[in-house]
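See below for the structure under consideration.
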Amino acid sequence: MEDCLAKKMEITVSEAEKRTGRNAMNIQETYTAYLIETRAVESQSEGQCGPVESLWRRYSEFELLRNYLSVTYPHIVVPPLPEKRADFVWHKLSADNMDPDFVERRRIGLENFLLRVASHPILCQDKIFYAFLMQEGGWKEMVNETGFQLKADSRLKALNATFRVKNPDKRFTELKHYSDELQSVISHLLRVRARVADRLYGVYKVHGNYGRVFSEWSAIEKEMGDGLQSAGHHMDVYAASIDDILEEEEHYADQLKEYLFYAEALRAVCRKHELMQYDLEMAAQDLTSKKQQCEELATGTVRTFSLKGMTSKLFGQETPEQREAKIKVLEEQIQEGEEQLKSKNLEGRDFVKSAWADIERFKEQKNHDLKEALISYAVMQISMCKKGIQVWTNAKECFSKM
């Protein structure tokens, strides 16, 4: 961790800007661009920093970067991006992806994504990631030249592997189940939070009616008028404060959403392992089949029914020379298959070792982050309740002075 990029460079997504341009289909579109600023820390002990470098990136470029990282490092739980469009929001908050409040939260999320990658002991060393931060022109071409798309496994193949792996690794099966449960729990928590926020918004805004009624009442009272007017003012301030409170709360919800999306990153690692296990089992099955064919040719016996066996009976046996040639070809294929199987076994063991090390790192990070987020959320709720108590305490004093 001492060598990670986050220790050597300050990385910020400092602002967002709405732009208009033409896409690849030559269609006019409006999009948001984000300004990435970086500054090398020359000497931590002396606190010296280098000059600020800056460039603009679109959300789609962040997506391309993450897709590249996911394919290139299949054993790593790659940090997720913030949502492209708002979800799990209380109904008074805009779900428009061009809404300034949403764009601001997404800016924070994109910065967090870059910091997560820059803090990862392996991802931070990737040259494409470094170029993403430093090289605006030609970056997409550089990514495409890696050919990472060709390495990407199709969803159909992944689904096929899931249902056909005969000996799945119990640890990855349990991890996949855990990621499903984690996503379900956080989704439910976010939905509950959105409903609570809606009700809270209503309760606060109704306090504005207290303010209006007390103000109207004060107009017809001489001795009580000042007290009612003051109490009404406190109610108006209280009612108006809910917008800022729930906007602040949305930032805590975004921290939970990050782990909602991390659940999919965990599943991606599990799917990759299933694919490797499936390929290993298919290679072993193919090798066994070739060994059986070789043995049958060598002994002249056929253990199981086959089309070749029926053909031999109908049209005559092969000559010794033909049989020897086939045996030689099969022996070469068997030798090649054994080497391939050995290679796949080693690759699988390396994958499991690397993946499990990163999963343990992720679990430690997750426990720390979610604990901090929930504590901060609770502190905010306590503070909000104290403000409510203070408003009614002030109102009580106003009433006492009447």
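The values are calculated or read from the model by the stated rules, or taken from the named source; none is laboratory data. Just so you know, these numbers come straight off a predicted model, no measurement behind them. When we count neighbours, we look across all protein chains shown, and the Cβ atoms used for this are built from the backbone with ideal geometry, even at glycine. All accessible areas refer to the heavy atoms of the entire protein, side chains included, with ligands and DNA or RNA removed. Shrake-Rupley method; radii C 1.70, N 1.55, O 1.52, S 1.80 Å.
At-a-glance table
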quantity	calculated
Matching option when the condition is at negative phi, among the polar types (S, T, N, Q) and free of Cβ contacts under 8 Å to residues at least 12 places away in the same chain, among Ser230, Ser215, Ser184	Ser184
Odd one out for His188 among (1) surrounded by 14 or more Cβ atoms within 10 Å (Cβ to Cβ); (2) assigned to a helix (DSSP H, G or I)	(1)
Test: residue in the stretch 348-359 that is over 25 Å from Pro79 (Cβ atoms), without any contact (Cβ under 8 Å) to a residue 12 or more places away in the chain and open to solvent by 50 Å² or more (accessible area, probe 1.4 Å)	yes
Any chance Ser376 is surrounded by fewer than 15 Cβ atoms within 10 Å (Cβ to Cβ) and part of a helix (DSSP H, G or I)	yes
The stretch 165-192 - residue that is out of contact with any Asp or Glu (no Cβ under 8 Å at 6 or more places or on another chain) and basic (Lys, Arg) and, of those, farthest from Leu246 (Cα to Cα)	Lys170
Pairs with Cβ under 8 Å, 6+ apart, first in the stretch 100-112 and over 14 Å from Glu63 (Cα atoms), second open to solvent by 60 Å² or more (accessible area, probe 1.4 Å) and part of a helix (DSSP H, G or I)	Arg105/His251; Ile108/His251
Hits in the stretch 110-140 (condition: within 18 Å of Ser14 (Cα to Cα), open to solvent by less than 50 Å² (accessible area, probe 1.4 Å) and among the aliphatic types (A, V, I, L, M))	Leu110, Leu114, Val117, Ala118, Leu133
Enumeration of residues in the stretch 276-316 that are of a type in the set (A, V, I, L, M, F, W, C) and at pLDDT 55 or above	Met276, Leu280, Met282, Ala283, Ala284, Leu287, Cys294, Leu297, Ala298, Val302
Residue list for the stretch 238-253, filter: surrounded by 20 or more Cβ atoms within 10 Å (Cβ to Cβ) and either at pLDDT 90 or above or farther than 25 Å from Leu182 by Cα (or both)	Tyr238, Ala239, Ile242
Test: residue in the stretch 267-276 that is farther than 29 Å from Glu360 by Cβ, touching a residue at least 12 places away in the same chain (Cβ under 8 Å) and assigned to a helix (DSSP H, G or I)	no
